[in-house]
Amino acid sequence: MPTLDRITLYPVKSLDGIDVEAARCLAGGALEHDRRWRLVDMDGRVLNAKRSPLFHAIRAAFSLDDRTVTLRVDPSALDAGALPAADRRRLAGLGRDTFRLVPGRGGPCAWLAEAFGADVLLEERADGGFPDDRESPGPTLVSTATLHEVGRWFGFDLGESRRRFRANLEIGGCDAFWEDTLASPARRLPAVPGDLPADPYADLPPGEPPSFSIGGIRMVAANVCRRCVVPSRDSRRGAVTGQFRDAFEARRRRGLRPDVDAAAWGGLYRLGVNTKPTDGCLGGWLAVGDCLR
């Protein structure tokens with residue numbers, strides 16, 4: 001049976017994650033502390049890894065109880081060819097330091113302004129964070145087998161695959177790309193032997209994804225996540241993996257499961273599932289070891 005094997009929160013949008021044993025679902029559907037803070041420039045525009053590969057050079061370690069973050073520069077990002085020389089020189093002058101996570105220009109903002117070469121502000125939203133998909137603000141979900149398989153395509157390990165795709169919930173005990181069936185089940189499944197159970201999704205209205213539960217939390221699988229430029233970059237150095245999107249889509253096309261309907265995806269540069277927890281589960285907890293049904 002599929003089980004929840006890993007929970008990762010990303011307290012500051014685009015910085016490193018922190019693994020936890022349990023997480024609470026907030027009223028808006030997000031996990032508590034996930035994407036709770038984000039950086040913006042002085043014009044109010046969101047500053048994230050889509051806009052700046054410099055995020056990949058920054059290592060962040062969080063203490064959620066103390067609301068602090070310890071920042072340092074990853075030495076591998078200072079290698080020639082990873083980032084422009086001017087960025088590397090600026091990053092090389094930064095040491096390791098710990099800061100309170102407070103909104104405004106305090107906390108880590110002076111350190112980060114030096115890293116990015118421009119002033120930044122830290123924004124906070126404690127009641128739901130800043131999700132990538134505001135229509136589906138629940139935790140993102142992927143299987144460990146999927147991350148292994150994508151890593152095999154490009155020659156990187158499971159840790160690198162996790163860092164590139166940044167899912168909240170990692171599911172064990174299932175095959176690669178099994179999670180696609182949660183959000184995009186095929187309405188006409190291949191013929192199966194008569195002694196197997198009937199298709200549990202057969203009576204769903206067209207276009208409505210099935211719900212599922214992890215522990216006591218009931219969720220709806222809203223869609224398969226559309227991906228941006230971030231997974232194409234080395235998570236520690238920022239260097240771009242050549243032809244990443246083209247190779248990814250070609251592999252996805254060859255590996256699509258027969259029980260998945262990808263007609264509505266609008267492209268195959270997708271991985272993992274966006275979710276919407278149901279109202280009756282808000283305030284509940286997810287814990288490592290919970291079964292997925």
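The table that follows gives values for the structure above.
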| read-out | value |
| --- | --- |
| The stretch 37-124: C-alpha gyration tensor shape, a/c 1.5 cut-off, then a/b vs b/c | oblate |
| With Cα atoms, 0 to 90° folded angle of helix 244-255 axis to the chain main axis | 10 degrees |
| ³J(HN,Hα), Karplus 6.51/-1.76/1.60, whole Hz, each residue of the stretch 77-83, x for Gly, Pro | 6, 8, 5, 4, x, 6, 9 |
| Cβ-derived FRET efficiency at R0 25 Å, residue 114 paired with residue 156, nearest 0.05 | 0.25 |
| Residues whose placed amide H lies under 5 Å from that of residue 272, excluding near-sequence neighbours | 225 |
| For residue 47, residues with placed amide H under 5 Å, excluding near neighbours | 39, 40, 41 |
| Most positive-pole-ward Cα, 214, 268, 173, against dipole of the chain from beta carbon charges | 268 |
| Karplus 3J(HN,Hα) series, Hz, for the stretch 37-45 with 6.51 cos²θ - 1.76 cosθ + 1.60 (x for Gly, Pro) | 10, 8, 9, 10, 7, 6, 9, x, 7 |
| Structure-derived semi-axes √(5λ) of the Cα gyration tensor in Å - corresponding label in (1) 41, 27, 18; (2) 40, 18, 15; (3) 35, 23, 15 | (3) |
| Efficiency of FRET between residue 100 and residue 291 - r from beta-carbon atoms, R0 35 angstrom, step 0.05 | 0.40 |
| Taking the chain and dividing mean pair separation by its residue count, relative contact order in percent (alpha carbons under 8 Å, at least six apart) | 27 percent |
| Shape of the stretch 46-85, Cα gyration tensor, a/c cut at 1.5 | oblate |
| Nitroxide proxy distance, nm - points 7 Å out along Cα→Cβ at residue 68 and residue 85 | 3.9 nm |
| Order of 165, 154 - criterion: other Cβ atoms within 10 Å of each residue's Cβ, fewest first | 154, 165 |
| Amide hydrogen neighbours beyond the local backbone of residue 58, cut-off 5 Å, H modeled | 74 |
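No value in this document is a laboratory result; all are computed from the given coordinates. All values derive from a computational prediction rather than experimental measurement. Using ideal geometry, Cβ is built from the backbone for each residue, glycine included, and neighbour counts are taken over all protein chains shown.
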